[in-house]
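Have a look at the structure below before the remarks.
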Amino acid sequence: MLQVKGNQPKLRARIAAWHQADPCPAQATIQVQEHRRGATATWQTSVYACNEADLAATWPGLARVVVVVKTVQRAQLTTQQTRYYLTSLRTTPVAELAAGIRGHWRIENKLHRTRDVHFKQDSNGIRHPLAAANMALINTLASNYLLLHVQQAISDAQLYFAQNFRRFLPVIARS
């Protein structure tokens, strides 16, 4: 399964155009709804047979296109986002595909967002691969420890960790 993102604008535009123009119905669709933080989020996942010759020729083994439409409703604001995925999985049920995609985004939102926003990992300026790996390890240890033991917002936990760093050294050394 491969998500088609904005860094592949031509491919994304081709798939979006195919999806909007192709009259064939979805092979299967599942809808999941969640209520959190004063908003209702709905994920509609649909699976289509890939009958677009150019796409199939460009991506050997391509069997299906998965389209996920996420709609979020808050008070008087509704937003909608469409994501496209290509897959060679021919028989995997739509419920499994949807669960896998949601699971990936759960990781993206919990781990990668924390690393990018709170630890500023994308803009830390470290260029040496070993130094970057060491910093990622330290960030992971700190993040895991903070989430397990401090049980506060990550930004508060970072401040607590920084102010009490010496206290955590023996714990880090054992890890």
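Things to note:
- Of the numbered criteria (1) under 19 Å from Ala26 (Cβ atoms); (2) not in a strand (DSSP E or B); (3) not β-branched (Val, Ile, Thr), the one Gly61 fails is (1).
- Top-ranked residue of the stretch 1-53 - restricted to ones that are free of Cβ contacts under 8 Å to residues at least 60 places away in the same chain and of a type in the set (Val, Ile, Thr), ranked as farthest from Lys70 (Cα to Cα): Val47
- Taken as a whole, the condition of being in a loop (DSSP other than H, G, I, E, B) and closer than 22 Å to Ala99 by Cβ applies to Ala26.
- Residues being surrounded by fewer than 14 Cβ atoms within 10 Å (Cβ to Cβ) and among the small types (Gly, Ala, Ser) - total across the stretch 24-42: 1
- When every residue of the stretch 90-98 is checked against the conditions, none turns out to be modelled with pLDDT of 85 or more, within 30 Å of Asn139 (Cβ to Cβ) and not in a helix (DSSP H, G or I).
- Look at the stretch 129-150: where a residue is closer than 13 Å to Phe165 by Cα, no partner that is surrounded by 11 or more Cβ atoms within 10 Å (Cβ to Cβ) and modelled with pLDDT of 75 or more sits 6+ places away or on another chain with Cβ atoms under 8 Å.
The values are calculated or read from the model by the stated rules, or taken from the named source; none is laboratory data. Values in this document were obtained by computation on a predicted structure and should not be read as measured data. When we count neighbours, we look across all protein chains shown, and the Cβ atoms used for this are built from the backbone with ideal geometry, even at glycine.
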